[in-house]
Amino acid sequence: MDYTMNFAVLQFPGSNCDQDCVHVMKNVLGQSARLVWHKDNSLSGFDAVLVPGGFSYGDYLRTGAIARFSPIMQAVQAFAAAGGPVLGICNGFQILCEAGLLPGALIRNRSLQFRCENVFLKSPTVDSPFTNRIPAGKLLRVPIAHGEGCYFADEQTIAQLKANNQILWQYVNAAGEATETANPNGSVCNIAGVCNKARNVAGLMPHPERAGESVLGCEDGRLILESLVAWLGNRKVKKAA
């Protein structure tokens, strides 16, 4: 049985990838997607939450530092605590880290320059709502666009991420090797994205919604979003059984 999922796409002052997320979910993947303003305080009726990229609140103080206090983030906290899936993309990843929903932090790129280019990603695990449709060994080619994308965490946190299989994406070269030159921002362990210990909240700096259809030159990002749709569908089937 096919289900149509309801996606909430958060919208902060300064968001600039919110419409892209709505477009790919609705017009490419055939799901229901609606913008939710940052001053709203309810996520009732939604199956999943996307926190899109951009420059929320102009990146004042730090990236995501003000957005974490928006009223909608209390609803996101409750939604995630109840097991609802949340995916943060670029600035959304930064917001989720600032809100304490994901471990670690995103800091200035090692080069101190804004990086806008295509990168290769490997997905070390398919055991998550966000990677389950990615074929084993497949490298994803997706774009990045960020100035503060360097993932940092202390040694103990990195050890826990590895032990719990929480590293979902890593920057690699075309041969799938996690080299220093393949790392566009200096992230520890070439980390491009992680999930929480419960595996229902994830964030990544690359933009899967910008690589979701052939007209954009690459559809690899679609696999991440299709993974989430498939996971939600399987959950509804289990609940209906």
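The values are calculated or read from the model by the stated rules, or taken from the named source; none is laboratory data. All values reported here derive from a predicted model rather than from experimental measurement. A quick note on method: Cβ atoms are made from the backbone with ideal geometry, for glycine too, and the neighbour counts reach across all protein chains shown.
I'm told PHE12 meets every condition in (1) of a type outside the set (Asp, Glu); (2) surrounded by fewer than 24 Cβ atoms within 10 Å (Cβ to Cβ); (3) under 18 Å from the mean Cα position of the chain (by Cα); (4) more than 21 Å from GLN166 (Cα to Cα) except one. Can you identify the failing condition by its number?
Single failed check for PHE12: (2).
Could you grab me the full set of residues in the stretch 160-177 that are surrounded by fewer than 24 Cβ atoms within 10 Å (Cβ to Cβ) and part of a strand (DSSP E or B)?
ILE167, GLN170, VAL172
So THR63 fits all but one of (1) assigned to a loop (DSSP other than H, G, I, E, B); (2) buried (at least 21 other Cβ atoms within 10 Å of the Cβ); (3) touching a Pro at 6+ places or on another chain (Cβ under 7 Å); what number is the exception?
(3)
All but one of (1) within 20 Å of PRO103 (Cα to Cα); (2) buried (at least 18 other Cβ atoms within 10 Å of the Cβ); (3) β-branched (Val, Ile, Thr) hold for VAL188; which doesn't?
(2)
Can you name the number of the only condition in (1) on the phi < 0 side of the Ramachandran plot; (2) under 16 Å from the mean Cα position of the chain (by Cα); (3) among the hydrophobic types (A, V, I, L, M, F, W, C) that CYS90 fails?
Here CYS90 clears every test but (1).
Among the listed residues GLU148, GLU209, GLU180, which satisfies the condition of being over 26 Å from GLY100 (Cα atoms) and either outside any strand (DSSP E or B) or touching a residue at least 60 places away in the same chain (Cβ under 8 Å) (or both)?
On the way: GLU148 fails: over 26 Å from GLY100 (Cα atoms); GLU209 fails: over 26 Å from GLY100 (Cα atoms).
Only one candidate qualifies: GLU180.
Only one of (1) under 15 Å from the mean Cα position of the chain (by Cα); (2) of a type outside the set (A, V, I, L, M); (3) farther than 15 Å from ARG222 by Cα fails for PRO129. Which number is that?
So the condition that PRO129 fails would be (3).
Quick one: in the stretch 22-63, of everything that is hydroxyl-bearing (Ser, Thr, Tyr) and modelled with pLDDT under 95, which residue is farthest from PRO129 (Cα to Cα)?
Narrowing the stretch 22-63 to residues hydroxyl-bearing (Ser, Thr, Tyr): 32, 42, 44, 56-57, 60, 63.
Of the ones still in play, those that are also modelled with pLDDT under 95 are 56-57, 60, 63.
Values: SER56: 26, TYR57: 29, TYR60: 32, THR63: 26 Å.
Of everything passing the filter in the stretch 22-63, TYR60 is farthest from PRO129 (Cα to Cα).
Do we have LYS236 as of a type in the set (Lys, Arg), assigned to a loop (DSSP other than H, G, I, E, B) and closer than 28 Å to VAL76 by Cα here?
Values: of a type in the set (Lys, Arg): yes; assigned to a loop (DSSP other than H, G, I, E, B): no; closer than 28 Å to VAL76 by Cα: yes.
Here the answer is no, as LYS236 does not meet what is asked.
If I ask for residues that are among the hydrophobic types (A, V, I, L, M, F, W, C) and in a loop (DSSP other than H, G, I, E, B), which ones from the stretch 212-230 would you list? Give the steps one after another, and end with the answer.
Taking the stretch 212-230 as the starting set, the residues that turn out to be among the hydrophobic types (A, V, I, L, M, F, W, C) are 215-216, 218, 223-225, 228-230.
Selection gives nothing.
So which residues in the stretch 64-87 are at pLDDT below 95 and within 15 Å of the chain's Cα centre (by Cα), if there are any at all?
GLY64
Tally time: how many residues in the stretch 15-50 are surrounded by 20 or more Cβ atoms within 10 Å (Cβ to Cβ), part of a strand (DSSP E or B) and more than 15 Å from the chain's Cα centre (by Cα)?
Number satisfying all stated conditions: 2.
Of all the residues that make up the stretch 183-204, how many are in a loop (DSSP other than H, G, I, E, B) and within 22 Å of GLY84 (Cβ to Cβ)? Walk me through how you get there before you give the answer.
First pass over the stretch 183-204, keeping only residues in a loop (DSSP other than H, G, I, E, B): 183-187, 196-200.
Still in the running and within 22 Å of GLY84 (Cβ to Cβ): 196-200.
Looking only at that region, the number is 5.
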